[in-house]
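Read-outs throughout are calculated quantities, based only on the coordinates presented, and are distinct from any laboratory measurement. Only a predicted model underlies this, so the values are computations on that prediction, with no experimental measurement involved. Methodologically, a virtual Cβ is constructed for each residue, glycine included, from the backbone with ideal geometry; neighbour enumeration extends over all protein chains shown.
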Amino acid sequence: MAETQLVPRGIKDPRVLEAMRSVPRHVFAEESNLLSAYEDMALPIGDGQTISQPYMVAVMTELLELKGTEKVLEIGTGSGYQGAVLAELAKEVYTIERISGLADRAAEKFRALYYDTVHVRTGDGTLGWPEEAPFDRIIITAASPRVPEPLIEQLALNGILVMPIGSRFSQQLLKITRTENGLKEEYHTPCVFVPLIGKFGWEKDSS
Ligand code: SAM
C-alpha cells in the first residue's frame, strides 16, 4: 500500500509511511470488505459512514507534521483507523464520534491492539473536548462548510488543524496554523468526505 499508493503520489514523511505500513487496516474494515482492506479506496463501515482512502489518511497525517510529543484531537473516529495511525505518531490521541455504535467498536479495536494512548468519546465533536484542551493538533475527518469555532479556540499556539472544507459533495483540505500573529491558512488536496453533523458543522443528515 505504501509503495504502490502513497510514495508514488508524493507522501514523503518517513514516519507517516512507517505508521501506514504498521497499522493493520484490515482490523478496522468490516468483515465483508477484508479482501479490499488495502486497496486504494474508502470502505463502508456501517451507519452510512466510511473508513477513508489510505492516501487521504496519509495526506492529512502528513499535513499535521507530527513529531511524537503532541496531544491530538480527532473529530470523526469512524472505524478507528486514522486514530491508530495518529497513535503511532503522537503522544496522546483524543477522538470523538457522534455515532455511539462506531465509537464503541473503535474503542474495542484500540483495546485489542493495545493503543492505550487513544481516548474515545461519543458526542458532537464540533464542540471539541474542552476539558482536555488545548490540543497541539486537531484533525477533522468529516466535511464542513466552516471551521467549527470551538475547535479553533482549543488549538494551542503553534498548533495545526487539518480538515476538509467546502460543500456537501466537494471539498478541499484546509490546514490552519496558529501563530503568534494569528491564523495562517493553506489549501491543499481536493477531496470528498461524509458530512460533519453538529452544532458548528452541517445541521442535519439530509442534504
Ligand atoms: N477517521 C475515520 C476512520 O479512520 O475510519 C473515518 C471517518 S468518516 C470519513 C467520518 C466520521 O465522522 C463518521 O464516522 C461520522 O459519524 C463522524 N462524524 C460526523 N459528524 C460528527 C461530529 N459532529 N462529531 C463527531 N463525529 C462526527
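Taking only Cα atoms and a 10 Å spring cutoff, compute GNM fluctuations for the chain and point out the largest among Arg111, Arg15, Arg178.
For the chain, modelled as a Gaussian network with Cα springs under 10 Å, the answer is Arg111.
For Phe110, what is the net charge nearby, where nearby means another residue's Cβ is under 14 Å from its Cβ and Lys, Arg count +1, Asp, Glu -1?
Values: positive: Arg105, Lys109, Arg111, Arg121; negative: Glu74, Glu88, Glu92, Glu97, Asp104, Glu108, Asp116.
Here the count lands on -3.
Rg/Rh for region 2-191: what does it come to with C-alpha atoms and Rh from Kirkwood?
Numbers: Rg = 15.3 Å, Rh = 16.5 Å.
Across region 2-191, the Cα-based Rg/Rh ratio is 0.93.
As a test, work out the antiparallel percent of DSSP beta bridges whose residues both lie in region 2-191, rounded to the nearest 5.
Working: 18 of 37 bridges.
Of those bridges, close to 50 percent are antiparallel.
Write out the trypsin sites (Lys or Arg not before Pro) in region 18-98 meeting two conditions: DSSP loop, and at most 15 other Cβ atoms within 10 Å of their Cβ. Walk me through the intermediate numbers first.
Working: sites: Arg21, Arg25, Lys67, Lys71, Lys91, Arg98; in loops: Lys67, Lys91, Arg98.
Answer by residue number: Lys67, Lys91.
What 222 nm value per residue comes from the helices of the chain, counting each DSSP H run with n ≥ 4 as -39,500 (n - 2.57) and dividing by all residues, nearest 500 deg cm²/dmol?
Details: 6 runs with 50 residues, N = 207.
The per-residue figure over the chain is -6500 deg cm²/dmol.
Please provide three numbers in whole Å: the alpha-carbon extents of region 45-141 along the principal axes, with the largest listed first.
33, 32, 26
Name the long-range amide H neighbours of Cys191: under 5 Å, sequence gap of 5 or more, or other chain; modelled H, no Pro or chain starts.
Gln171, Gln172, Leu173
Going highest first, how would you order 134-144, 26-36 by mean Cβ packing within 10 Å?
Values: 134-144: 24.4, 26-36: 13.8.
Taking the mean over residues of other Cβ atoms within 10 Å, the ranking is 134-144, 26-36.
Counting other C-beta atoms within 10 Å, and keeping those with at most 10, which DSSP coil GluC sites (Glu not before Pro) do you find in region 137-207?
Numbers: sites: Glu153, Glu180, Glu185, Glu186, Glu203; in loops: Glu180, Glu203.
Here the GluC sites (Glu not before Pro) that fit, given the DSSP loop and packing criteria, are Glu180, Glu203.
Evaluate the charge dipole of the chain about its Cα centre and quote only its size in Debye, nearest 20, assuming +1 on the Cβ of each Lys and Arg and -1 on the Cβ of each Asp and Glu.
On the way: 21 positive and 29 negative charges, 45 e Å.
Roughly 220 debye for the chain.
Spelling out what I want: for every residue of region 28-41, take phi, set θ = phi - 60°, compute 6.51 cos²θ - 1.76 cosθ + 1.60 (Karplus), and round to whole Hz; glycine and proline get x.
8, 7, 6, 4, 5, 10, 3, 5, 9, 4, 10, 7, 7, 7
Once you charge only the Cβ atoms, +1 for Lys and Arg and -1 for Asp and Glu, what is the size of the charge dipole of region 47-162 about its Cα centre, to the nearest 20 debye? Before the final figure, lay out each step's value.
Numbers: 10 positive and 17 negative charges, 34 e Å.
In debye, rounded to 20, region 47-162 gives about 160.
Can you tell me the convex hull volume per residue for region 92-207, based on C-alpha atoms, in Å³ to the nearest whole number?
105 Å³
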